[in-house]
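In what follows, a structure is listed as structure tokens, so that the remarks can point back to it.
All of the numbers you see were taken from the coordinates with simple rules; none came from a lab. Please read these numbers as outputs of a predicted model, since none were measured by experiment.
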Amino acid sequence: MEIKDEQSLDQNTNLLPDRFETLKELELSCRKRFIPILGKEKAKFLYDFVKKLNIESEKDKINNDENKKIPLKILELGTASGYSGIILASKGAKLLSLDFDHVSVKEANENFKKFNVNAESKLRVAEDYIKELSRIKEEVESYDLIFLDFSKKKYHEVFPFCLKLLKKGGYLLADNVKSVYCMPFKHDILNSRRLKTTLYTLDDDEFSVSKKN
Ligand SMILES: C[S@@+](CC[C@H](N)C(=O)[O-])C[C@H]1O[C@@H](n2cnc3c(N)ncnc32)[C@H](O)[C@@H]1O
């Protein structure tokens, strides 16, 4: 998949468009506090990706003669301060983000409010909660995008549940797949017949994009 954006990127900032200018402040504050967040290239990639996804979904609705505006549904594992969550929800999607650290969840929810995005961070152990979600009929095949950015050792464990929760045509995105801990997961995504996967080199790291067919 080729992702292009007409908006030029100022190398000193992540996201310049509209109200997301102030995201730079959050980025700097996280870096000062050693809160691990997406690097600049990944943040820009993710921003462009959700922008394109939202445009595509609007087009589908027009083609299907649907007037109802149903937001895209996104699940994120690993919230931290909500930096990537704000990007994921920046184009109108509804985001549920999970983190097991209560300080992070509190800060992220404050940031989601500040940035006026349709997002919520829940205090949960991600691998446990995703299993719970996958047992709820309404949740199965209901997510347009799932983003993995939590414990690398757990990517492989949550993989089958991600597949179950993703819609047909939905995307599984994962950060840090260059890590040795992600090797079993990388094997999963590259060998699954249900997925078409592309690996991107961003910020000297690997970022995977897998589309469910
Ligand atoms: C790399 S940070 C997430 C960064 C965030 N996605 C961003 O770019 O703004 C990883 C987060 O995952 C959380 N985490 C790690 N293992 C987890 C688990 N098993 N369940 C829930 N949260 C977890 C950590 O507390 C941390 O806040």
*Antiparallel as a % of all DSSP beta bridges within segment 39-212, to the nearest 5?*
40
_Full-extension gain in nm, THR198 to LYS167, via 0.36 nm per residue minus C-alpha separation_ = 9.3 nm
*Principal axis lengths of segment 39-212 from Cα atoms, whole Å, largest first?*
46, 39, 35
*Hey, can you grab everything whose amide H is under 5 Å from the amide H of LEU145? Only 5+ residues off in sequence or another chain; H modelled, so Pro and N-termini drop out.*
LYS73, LEU75, TYR171
*Have a look at ASP48, ASP128, ASP99 and tell me which one the Gaussian network model of the chain (Cα, springs below 10 Å) gives the largest fluctuation.*
ASP128
_Stretchable slack from LYS69 to GLU56, in nm (0.36 nm times residue separation minus alpha-carbon distance)_ = 3.4 nm
*Express in nm, to one decimal, how much length is gained between LEU190 and GLU110 on full extension, taking 0.36 nm for each residue of separation and deducting their alpha carbon distance.*
25.1 nm
